[in-house]
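Input: a single structure, listed below in structure tokens.
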Amino acid sequence: LPGIASGETIIAVAMTEPGAGSDLAGIRTSAVRDGDDWIINGSKTFISSGINCDLCVVVARTDPEAGHKGYSLFVVERDMEGFTRGRKLDKMGLHSQDTSELNFENVRVPNANLLGKEGRGFYHLMTNLPSERLSIAISAIAGARAVFDETLQYAKDRKAFGQPIGSFQHNRFLLAEMETELEVTENYLDRCLQGVVDDELTAVEAAKAKWWATEVAKKVVDQCVQLHGGYGYMMEYRVARAYVDGRIQTIFGGTTEIMKEIIGRDLGV
Ligand SMILES: Cc1cc2nc3c(=O)[nH]c(=O)nc-3n(C[C@H](O)[C@H](O)[C@H](O)COP(=O)(O)OP(=O)(O)OC[C@H]3O[C@@H](n4cnc5c(N)ncnc54)[C@H](O)[C@@H]3O)c2cc1C
């Protein structure tokens with residue numbers, strides 16, 4: 001933990017597999033007990049920092065008969081035999097961070113590397129996913145706010161038909177709508193953040209924050225590209241980079257659709 005906090009130890013969390021993303025019950029990576037050790041076999045994909053990680057928290061099935069109580073978490077270390085990296089995946093954005101495939105072939109992991117309790121892997125994930133989802137929501141809105149502020153300035157400076165483009169009523173209303181959507185969302189996120197501080201943030205609140213904030217961010221950044229005209233399509237402009245970097249936010253950490261499933265189930269429908 002000290003290494004992770006100082007940034008010297010890079011960590012990855014490996015849940016997703018080629019055949020199991022939203023539906024984690026499809027995880028096939030297995031961990032089988034062998035004396036004081038566990039033997040892990042399987043493969044993962046789309047793992048953030050998969051290439052660079054020193055430690056990888058791997059979700060593996062420890063009891064195929066036990067349903068959602070049949071999964072456990074293991075900390076696999078960089079040099080463990082049988083732990084290899086697959087392809088570094090070629091993404092449309094987020095180029096400063098690697099996302100990769102991981103393979104586990106008879107990786108022997110001591111029982112001391114079992115993280116949390118055996119059979120409680122899903123429970124441990126569910127406990128921590130709300131704060132991860134909130135952090136995705138916050139970075140999405142913070143990023144969109146920065147892009148909006150730049151775009152507002154651009155709309156005041158850039159002239160067409162003899163006047164600043166922001167002064168056309170359509171654009172003025174668009175800017176007003178975005179300012180409203182950002183501020184309303186920021187306030188809800190602040191409330192959720194207080195929930196984290198008070199240890200009261202629920203999975204449903206985090207799901208609302210995640211889908212809403214990332215969809216607002218996606219819409220705002222898209223509209224900011226439009227307001228930049230052709231310059232918005234040029235990678236030398238921050239708005240263009242934000243457009244490709246931000247697109248993943250409604251997908252990773254649980255898609256918008258899965259967030260709505262969580263909220264809908266809570267509504268009893
Ligand atoms: C850049 C990047 C980084 C990532 N980092 C990590 C990481 O560090 N660790 C990790 O474990 N994973 C990571 N992921 C994986 C990510 O969490 C999954 O891609 C995501 O959860 C979706 O899973 P999937 O790709 O299998 O899509 P699928 O589950 O196949 O979904 C495809 C589509 O179907 C929809 N869908 C699925 N089920 C339902 C349903 N019940 N109702 C309605 N619609 C549904 C989805 O919303 C989506 O639109 C990363 C992915 C990317 C692209």
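The values are calculated or read from the model by the stated rules, or taken from the named source; none is laboratory data. Quick caveat: nothing in here was measured; it's all calculated off a predicted structure. Positions of Cβ are generated from backbone atoms using ideal geometry, with glycine treated the same way; all protein chains shown enter the neighbour counts. Surface areas here come from the heavy atoms of the whole protein model, side chains and all, with no ligands, DNA or RNA. Shrake-Rupley method; radii C 1.70, N 1.55, O 1.52, S 1.80 Å.
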>> For V204, only one of the following conditions fails: (1) within 16 Å of the ligand (Cβ to nearest atom); (2) among the β-branched types (V, I, T); (3) surrounded by fewer than 17 Cβ atoms within 10 Å (Cβ to Cβ). What is its number?
In response: (1)
> Name the strands (runs of 3 or more DSSP E) wholly within the stretch 7-56 that hold at least 2 residues that are more than 24 Å from T256 (Cβ to Cβ), without any contact (Cβ under 8 Å) to a residue 24 or more places away in the chain and within 19 Å of the chain's Cα centre (by Cα)?
Replying inline: none
> Which of the following residues is outside the structural domain of I27 (by TED's automatic domain parsing), modelled with pLDDT under 95 and open to solvent by less than 60 Å² (accessible area, probe 1.4 Å): L129, L152, L134?
Replying inline: L129
>> Suppose we filter the stretch 180-201 for residues that are open to solvent by less than 60 Å² (accessible area, probe 1.4 Å), of a type outside the set (A, V, I, L, M, F, W, C) and within 15 Å of A140 (Cα to Cα); how many remain?
In response: 4
> Is it true that some residue in the stretch 42-53 is out of contact with any Lys or Arg (no Cβ under 9 Å at 6 or more places or on another chain), more than 9 Å from the ligand (Cβ to nearest atom) and on the phi < 0 side of the Ramachandran plot?
Replying inline: yes
>> If I go through the stretch 26-57 residue by residue, how many of them are surrounded by fewer than 19 Cβ atoms within 10 Å (Cβ to Cβ), touching a Gly at 6+ places or on another chain (Cβ under 8 Å) and under 19 Å from G253 (Cβ atoms)?
In response: 1
> Taking K218 and the conditions (1) more than 26 Å from T99 (Cα to Cα); (2) more than 13 Å from the ligand (Cβ to nearest atom); (3) assigned to a helix (DSSP H, G or I), which numbered condition does it fall short on, given that it satisfies the others?
Replying inline: (1)
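Are any residues in the stretch 217-259 under 26 Å from M15 (Cβ atoms) and loosely packed, with under 14 Cβ neighbours inside 10 Å, and if so, which ones? Show your work before the answer.
At the first step, the residues of the stretch 217-259 found to be under 26 Å from M15 (Cβ atoms) are 217-218, 244-259.
E257 - this is the single residue of the stretch 217-259 that is under 26 Å from M15 (Cβ atoms) and loosely packed, with under 14 Cβ neighbours inside 10 Å.
Would the stretch 58-72 turn up any residue that is in the same structural domain as K88 (by TED's automatic domain parsing), within 14 Å of the ligand (Cβ to nearest atom), free of Cβ contacts under 8 Å to residues at least 60 places away in the same chain and open to solvent by less than 30 Å² (accessible area, probe 1.4 Å)? Show your work before the answer.
First, pick out the residues of the stretch 58-72 that are in the same structural domain as K88 (by TED's automatic domain parsing): 58-72.
Among the residues that remain, those that are also within 14 Å of the ligand (Cβ to nearest atom) are: 58-60, 71.
Still in the list and also free of Cβ contacts under 8 Å to residues at least 60 places away in the same chain: 58, 71.
With the extra rule that they be open to solvent by less than 30 Å² (accessible area, probe 1.4 Å), the set shrinks to 58, 71.
Yes - at least one qualifying residue is present in the stretch 58-72.
Going by the conditions given, is A240 out of contact with any strand residue (DSSP E or B) (no Cβ under 8 Å at 6 or more places or on another chain) and within 15 Å of the ligand (Cβ to nearest atom)?
Working: out of contact with any strand residue (DSSP E or B) (no Cβ under 8 Å at 6 or more places or on another chain): yes; within 15 Å of the ligand (Cβ to nearest atom): no.
No; evaluated as a whole, the condition is false for this residue.
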